[in-house]
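One structure is given below, encoded as structure tokens.
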Amino acid sequence: MASGKSEIFEFVLQFLPDWIQMPALGLFVLVVLVSWGIKLRRERILRRAVRGAVAAHGELRQQGDGTRGADFLGSYAPQNQPERR
């Protein structure tokens, strides 16, 4: 038994001219495949970011020397200014 979505899609496809039915079907399949690809790419990027954050958090935890998060700003840290007298 076909789902409601597929019945609606077939119903709409019937009203299109014969010469445009196949390109419309191909375009629909292309859109579905691209959306799946984007979803998989986002999941992979998120997984990589979480893995990197866990590794960085583990490194901070191992130090245990009383440093704060502000001590690890890297290139975003304010540069030390020489003292003026």
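For the stretch 1-29: of the residues being within 29 Å of the chain's Cα centre (by Cα) and open to solvent by 100 Å² or more (accessible area, probe 1.4 Å), which is modelled with the highest pLDDT?
Looking at the filtered set, the residue picked out is LEU27.
Restricting to the stretch 31-70, give me the number of residues that are of a type in the set (Lys, Arg) and at pLDDT below 90. Steps first, please.
Of all residues in the stretch 31-70, those of a type in the set (Lys, Arg) come to 39, 41-42, 44, 47-48, 51, 61, 68.
Within this subset, residues satisfying the condition of being at pLDDT below 90 are 47-48, 51, 61, 68.
Here the count works out to 5.
The values are calculated or read from the model by the stated rules, or taken from the named source; none is laboratory data. Since we're looking at a predicted model, the values are computed, not measured. Just so you know, the surface numbers come from the protein's heavy atoms only, side chains and all, with ligands and any DNA or RNA stripped out. Shrake-Rupley method; radii C 1.70, N 1.55, O 1.52, S 1.80 Å.
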